[in-house]
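So the structure is just underneath, and the comments pick up after that.
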Amino acid sequence: PAVKLLVRKPGMPSAALAAALNRHIGILGDITYSTNDGLVEISPVGITKATGVQDVARPLDVAAEDVVAFGDMPNDIPMLRWAGHGVAMGNAHPDAMAAANEVTAANDDDGLARVLERWWL
């Protein structure tokens, strides 16, 4: 079975494309995007980056509250909310920033490294 469907409409912002598709797909799939360049991702309901990280963490006995997750786009929101500490990049989509516990510097300004250095140096 397919695990993800990508839909592309050049020249249309991904947010607008996601909204238009949501009217037709609704509860049949989760619609999100990782770029605002007319590309959306449709996956089965409940399959997100959060469930992927949870599937890796569970057999390692790592609890959500012990996970730090970094993200910058709407497809990262479930993961940012699931993790014990969600960090949005300084250049992140506003919705990703709102979902995070912290906003760091932009990805091209060592934002991820700045957060990690607080704990591991």
Helices (runs of 4 or more DSSP H) (entirely within segment 38-121) containing at least 3 residues that are in contact with a Pro (Cβ under 9 Å, 6 or more places away or on another chain): 49-57, 94-99
Residue match in segment 28-37 (condition: in a helix (DSSP H, G or I) and either acidic (D, E) or touching a Gly at 6+ places or on another chain (Cβ under 9 Å) (or both)): no
Residue list for segment 78-109, restricted to those being in contact (Cβ under 8 Å) with a residue 12 or more places away in the chain, aliphatic (A, V, I, L, M) and open to solvent by 50 Å² or more (accessible area, probe 1.4 Å): V103
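For every residue, the table says whether it meets (1) within 15 Å of A15 (Cβ to Cβ); (2) modelled with pLDDT under 95; (3) touching a Cys at 6+ places or on another chain (Cβ under 8 Å); (4) not polar (S, T, N, Q).
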position	(1), (2), (3), (4)
D37	yes, yes, no, yes
V62	no, no, no, yes
E65	no, no, no, yes
N75	yes, no, no, no
L80	no, no, no, yes
A83	no, no, no, yes
A88	no, no, no, yes
D95	yes, no, no, yes
Sole exception among (1) touching a Leu at 6+ places or on another chain (Cβ under 9 Å); (2) within 30 Å of R8 (Cα to Cα) for N101, by number: (2)
Residue list for segment 29-65, filter: among the acidic types (D, E) and farther than 12 Å from P78 by Cβ: D37, E41, D55, D61, E65
Residue in segment 52-59 that is closer than 23 Å to R8 by Cβ and either surrounded by fewer than 16 Cβ atoms within 10 Å (Cβ to Cβ) or among the aromatic types (F, W, Y) (or both) present: yes
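The values are calculated or read from the model by the stated rules, or taken from the named source; none is laboratory data. Keep in mind it's a predicted model, so treat the numbers as computed, not measured. Methodologically, a virtual Cβ is constructed for each residue, glycine included, from the backbone with ideal geometry; neighbour enumeration extends over all protein chains shown. We work out accessible area using only protein heavy atoms, side chains counted, and drop any ligands, DNA or RNA first. Shrake-Rupley method; radii C 1.70, N 1.55, O 1.52, S 1.80 Å.
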